[in-house]
Amino acid sequence: QVQLVESGGGLVQPGGSLRLSCGASRMIFRIYAVGWYRQAPGKQRELVANITSGDTANYVDSVKGRFTISRDNAKNTVYLQMNSLKPEDTAVYYCNAQLKLRLGVPTQTYWGQGTQVTVSS
């Protein structure tokens, strides 16, 4: 059973940086479209950034110019580089991805377990 795994969260001071990673728990054929979501306490989950299989990236206005989503197809991993972090970026960050486990099977959508990002002095 494959799982989607996020890593890279933690505690950082305002203005600091973190890089989140999202990948499969075992070798797969390909990771396609990926979205990074976040959910702060008492708030709805929101889409922060996404990247298509053609590498088109989109961002919510609140993170434009600060966050960058990218992918390494050789590693089947997607990253979210977060710079100039603010306290309002504090949330659990989730990865949502379309995975093709092997040739001949359709892609399936997976959610990761989430990684906590806390921005505080």
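Of all the strands (runs of 3 or more DSSP E) wholly in region 25-71, which have at least 2 residues that are buried (at least 16 other Cβ atoms within 10 Å of the Cβ) and of a type in the set (A, V, I, L, M, F, W, C)? Working first, answer last.
Details: elements: 30-39, 46-51, 57-59.
Answer list for region 25-71: 30-39, 46-51.
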Qualifying positions in region 69-84 - touching a Phe, Trp or Tyr at 6+ places or on another chain (Cβ under 9 Å) and of a type in the set (A, V, I, L, M, F, W, C): Ile69, Val78, Leu80, Met82
When only residues in region 74-97 that are at pLDDT below 95 and open to solvent by 70 Å² or more (accessible area, probe 1.4 Å) count, which is farthest from the chain's Cα centre (by Cα)? Ala74
Filtering region 7-40 for residues that are modelled with pLDDT under 95 and more than 17 Å from Gln108 (Cβ to Cβ) leaves a count of 0
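The values are calculated or read from the model by the stated rules, or taken from the named source; none is laboratory data. Keep in mind that what you see is a predicted model, and the values were worked out from it rather than measured. No Cβ is skipped: glycine too gets one built from the backbone with ideal geometry, and neighbour counts run over all protein chains shown. Just the protein is used for accessible areas: all its heavy atoms, side chains included, with ligands, DNA and RNA removed. Shrake-Rupley method; radii C 1.70, N 1.55, O 1.52, S 1.80 Å.
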